[in-house]
Amino acid sequence: MPQSMLFSEISEQPNTLAKLLSSESRNIEMICKEISGKFEYILIAARGTSDNAARYAQYVFGIQNRIQVALATPSLFTIYNTPPNLKGAFVIGISQSGESPDIVAVIQEAHRQNCLTLGISNSDNSPLTRSCDFSLLLNAQIEKSIAATKTYTGSLCALALLSASLNDDKEFIRQLNQMPEILQKTIELQYLALSEVQRYRYADQCTVIGRGYNYSTAFEIALKIKELNQIITEPYSSADFRHGPIAMIHNGTPIFLVAPRDQMSPDICDLIRQLQEKGAEIIVISDEKTILSEGKLGFPIPANIPEWLTPLAAIIPGQLFAMQLAIEKGLDPDHPLGISKITYTY
C-alpha cells in the first residue's frame, strides 16, 4: 500500500472511532439529559466535509428520532446580516478546526436568541467550542493531510451516538460500538480493488450516486475526488439523477454508486441497469456480491452492517479510491493544489 500521511490517517479511523466512543459517550449522555424536551428541531451549520456529515444527520435524526434537521445558510448571519428566527432550534456547529467565522456566527446568533448550542470539533479550545453550551471532541489528534478523512467519520460517529443517546437506545449504541472493528475490516478488503484504480487515471469527469443514509457518502466521495484529483465530480441522489442529469451519460462515463444492501437497494439496482444500457463505466461500493459484480470495479464492505451505520464504512473505499487515483496521476495526495487545511469563510 502507498506510504503517505493520507493513507496513515485513513488507516487510523478505526482507532479514532474507538477513542471517540470511549471518551465522549458519558458526555453525550449528559448533553442529552440537558437538552431533552427543550427543542423542536435541529439546525446545523457546517461547511465542506462537515456539511456532508450534516447531510447524514438529516437522515439519522429524521429516521431514528423523528426530528427534522435543517442546514443553516451562514451568509444570512454574516454577509446579509439577516438571521432568521431560530425559535425552537437546537443549533449544532460542525467544524474540524472550529475556526470558520461564519459557523461561529451562526452559533453566536443562536445564543442571542436563547437557543441551546453544540459544537462538534477536533479542537477543544477553538472559537466554535468556546461559543457553545456543549461540545463534542472528535479525538482524531492532528489531521496533517489537507483532505479530511478521520475527522469526517468521527463527525458521523458523534452524530450517530447523539441520535442513539437521545432515544436511550442501548441496541443502537451496541451496534455503534462495533464500528471500529468493522472499519478495520473495510480497510483490509480494499487492497485488491485499489490495484485496478489506474484504469481511471485519464478520466476528466465523474459522477457519484447514493441515496438515503448514503446521500452524504456520495457528496463526500465526490469532494475527495475533486480535492485530490482536480476532476469535475458531481454527486446526486439516485432520484435527482433521473430528473435530467442522466442525459449527460454516454459510453465510458465513470459513475460511482454507493449501494449497500438496504432499503434503497432496489432503486439503486434499477439505476445500474439503466446506466449499463447507456454504456456507463460503473464503479460500485457494496456488501452484496451480485451488486459488486455489476461494476467494472467493485469495492466490497463487510456484510450485515446496520443500514444507519453503513456511511461510516462506505466512505472508506471512496477515500482510498481518491487517494490512489491521485498517486496514479502523479499528484501529491497529502497536499492537493489550491486548498489549505483551515479555510476561513465569512
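Brief remarks on what is shown
- Charging the Cβ of each Asp and Glu at -1 and of each Lys and Arg at +1, and nothing else, the dipole of the stretch 55-128 about its Cα centre rounds to 320 debye.
- Calculated FRET value between Asn85 and Ile63, using beta carbons and R₀ = 22 Å, to 0.05: 0.25
- Partners for Lys278 among aspartates and glutamates (Cα-Cα distance below 20 Å; same-chain residues under 8 apart left out): Asp204, Glu234, Asp240, Asp267, Asp270, Glu294
- Using a simple spin-label model with pseudo-atoms 7 Å out from Cα toward Cβ, Asp124 and Leu76 lie 3.4 nm apart.
- Rounded if a/c under 1.5, otherwise prolate or oblate - the stretch 5-185, Cα gyration tensor axes: oblate
- Farthest toward the positive end of the dipole of the chain, out of Gln141, Ile67, Leu189, is the Cα of Ile67, where the dipole comes from beta carbon charges about the Cα centre.
- When the chain is described by a simple charge dipole with +1 on each Lys and Arg Cβ and -1 on each Asp and Glu Cβ, the residue from Gln175, Ile28, Ile209 located farthest towards its positive end is Ile28.
- Mean-position separation - Cα centroids, the stretch 312-338 and the stretch 1-32, in angstrom: 19
- Qualifying lysines (Cα of each under 18 Å from Cα of Lys19; at least 8 residues distant if same chain): Lys150, Lys185
- The C-alpha atoms of the chain define a longest principal axis, and helix 150-166 lies at about 50 degrees to it.
- Estimated from helical segments only, the mean residue ellipticity of the chain at 222 nm is -14000 deg cm²/dmol, where each DSSP H run of four or more residues counts as -39500 (n - 2.57).
- In this simple spin-label approximation, Tyr202 and Ala303 carry label points 7 Å from Cα along the Cα→Cβ vector, and these lie 3.9 nm apart.
- For the pair the stretch 39-116 and the stretch 277-294, the centres of their Cα atoms are 36 angstrom apart.
- Straight-line cross-link partners of Lys144 among the aspartates and glutamates, defined as a Cα under 19 Å from its Cα and at least 8 positions apart when in the same chain: Glu9, Glu12, Glu99, Asp124, Glu220, Glu227, Asp332, Asp334.
- Considering only Cys269, Ala218, Thr117, and ranking their Cα positions along the charge dipole of the chain that arises from unit charges at the beta-carbon of Lys, Arg, Asp and Glu, the one farthest toward the positive end is Thr117.
- This model, with +1 at the C-beta of Lys and Arg and -1 at the C-beta of Asp and Glu, gives the chain a dipole about its Cα centre of some 200 debye.
- Nearest 10 degrees, 0 to 90: helix 265-277 Cα axis against the chain principal axis: 40
- In percent, rounded to a whole number, the relative contact order of the chain is 20, using alpha-carbon pairs under 8 Å and six or more apart.
- For the chain, the longest principal axis of the Cα atoms and the long axis of helix 310-328 meet at an angle of about 60 degrees.
- Those trypsin sites (Lys or Arg not before Pro) in the stretch 248-346 that DSSP places in a loop and that have at most 16 other beta carbons within 10 Å: Lys278, Lys296, Lys341
- Note on Ser195 and Asp267: their simple-model spin labels are 3.7 nm apart, each label 7 Å out from Cα toward Cβ.
Only the coordinates and a few stated rules stand behind these numbers; no lab work does. Note that the structure is a prediction, hence the values are computed from the model and not measured. Glycine also receives a Cβ, built like all others from the backbone with ideal geometry; neighbour counts cover every protein chain displayed.
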